[in-house]
Amino acid sequence: MLFSQDESEEPEAYHPHLVLLSVQFARMDQYLLCRTIRKTRHLVRLPVIILGTREDATFDIMRGRLAGSTDFLSKPFKPHQLIQMIKKYLPA
């Protein structure tokens, strides 16, 4: 987990290469998390991919872009689509 609810863990301790955020994850607002990532100095350029629903794709894409997401993938997706998206943003 990139940011925990435990205040003792600082975001600077994490150095991920990519983040996948599901808009259906009920415990936390993923758009707020994306904005928090963008405000964290060493994570500003971190690729953030929003995984959203096909029914709300247009709304989710717009909301994700406003929050600072890098890309969007509609659920349900095939495994190769997710792999392709990850390869697009991870260094070789």
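No value in this document is a laboratory result; all are computed from the given coordinates. For clarity, every value in this text was computed on a predicted model and none was experimentally measured. With ideal geometry, Cβ positions are generated from the backbone for all residues, glycine too; neighbour counts draw on all protein chains shown.
Cα convex hull, the chain: 97 Å³ per residue, rounded to a whole number. The charge dipole of the range 15-89, taken about its Cα centre with unit charges on the Cβ atoms of Lys, Arg (+1), Asp and Glu (-1) only, comes to about 300 debye. Among 69, 22, a tally of other beta-carbon atoms within 10 Å of each Cβ gives an order, fewest to most, of 22, 69.
Extension gain residue 36-residue 81, at 0.36 nm per residue separation less the Cα-Cα distance, in nm? In short, 13.5 nm is gained.
The trypsin sites (Lys or Arg not before Pro) found in the range 21-92 that occupy coil by DSSP, while having at most 14 further C-beta atoms within 10 Å, are 27, 45, 54. If the reach is capped at under 19 angstrom between alpha carbons, list the lysines near residue 75, excluding any in the same chain fewer than eight residues apart. Straight-distance partners of residue 75: 87, 88. Of the residues 47, 30, 85, the one whose Cα sits farthest toward the positive end of the charge dipole of the chain, with +1 on the Cβ of Lys and Arg and -1 on the Cβ of Asp and Glu, is 85. Model label sites at residue 22 and residue 58, defined 7 Å from Cα along the beta-carbon direction, differ in position by 2.6 nm.
Among 71, 56, 29, the largest mean-square fluctuation in a Gaussian network model of the chain (Cα springs under 10 Å) belongs to 56. Using the Cβ of residue 17 as centre and a radius below 14 Å, the other residues enclosed give a net charge of +3, where K and R count +1 and D and E count -1.
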